[in-house]
Amino acid sequence: MYPKISRHRGRAGMTLIEMLLVIALIALVAGLAIVKVGDVLGTNQEDVARLFVNTTIETPLTSYKIHMGSYPNTAQGLQALIDAPESVSGRWRGPYVKELPMDPWQHPYQYRYPGTHNPKGYDAYSLGPDGVESADDIGNW
């Protein structure tokens with residue numbers, strides 16, 4: 001009448017060796033992922049600097065120019081986007097940025113107006129990995 005219930009059941013748990021193997025595999029995969037992420041971030045430092053000098057800083061500098069009539073001069077620098085220059089006649093409507101970031105190599109971004117590479121505009125650039133003006137600079141030119 002009633003079906004027979006088998007007294008032999010499958011294993012209900014994992015052995016200690018199986019658990020250690022799973023933990024080892026998870027650690028291996030996590031280690032590989034961390035190494036790959038480090039490689040990706042390391043190779044993209046130039047792209048981050050290029051994006052900042054070509055795109056990110058353009059909007060606040062353009063807003064400044066619209067309000068003030070020209071870009072900040074070299075002496076005022078990018079700091080003019082945060083603090084009103086002394087010679088402003090009430091047209092400054094900043095701050096145009098909250099803070100000035102450092103480049104990926106922890107050097108301040110450089111600014112020049114009028115630009116050497118862009119005489120009718122501004123030069124915004126990173127000094128690159130070596131931190132001095134040289135051929136590895138990344139600019140908006």
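Out of segment 81-95, which residues are out of contact with any Phe, Trp or Tyr (no Cβ under 7 Å at 6 or more places or on another chain) and of a type in the set (A, V, I, L, M, F, W, C)? Listed by number, the residues that qualify are I82, V88, W92.
Conditions (1) at pLDDT below 90; (2) under 23 Å from I138 (Cα atoms); (3) not acidic (D, E), marked per residue:
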residue	(1), (2), (3)
Q45	no, yes, yes
L51	no, yes, yes
T59	no, yes, yes
T62	no, yes, yes
G69	no, no, yes
P72	no, yes, yes
S87	yes, no, yes
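Scan segment 106-141 for residues that are hydrophobic (A, V, I, L, M, F, W, C) and either surrounded by 15 or more Cβ atoms within 10 Å (Cβ to Cβ) or in contact (Cβ under 8 Å) with a residue 24 or more places away in the chain (or both) and the total you get is 4. Here segment 118-140 is the region considered, the condition is being in a loop (DSSP other than H, G, I, E, B) and within 15 Å of L61 (Cβ to Cβ), and the residue that is nearest to the chain's Cα centre (by Cα) is N140. On the stretch given as segment 6-29, residues that are exposed (fewer than 10 other Cβ atoms within 10 Å of the Cβ), aliphatic (A, V, I, L, M) and either at pLDDT below 80 or assigned to a loop (DSSP other than H, G, I, E, B) (or both) total 1. Looking only at residues of segment 42-72 that are within 17 Å of P108 (Cα to Cα) and in a loop (DSSP other than H, G, I, E, B), we find that the one that is farthest from the chain's Cα centre (by Cα) is P72. Residue pairs whose Cβ atoms lie under 6 Å apart, separated by 6 or more positions or on different chains, with the first residue in segment 60-75 and free of Cβ contacts under 8 Å to residues at least 12 places away in the same chain and the second in a loop (DSSP other than H, G, I, E, B), are K65/Y71.
The values are calculated or read from the model by the stated rules, or taken from the named source; none is laboratory data. Not measured: the values here are computed from a predicted model. All Cβ positions, glycine included, derive from the backbone under ideal geometry; neighbour counts span all protein chains shown.
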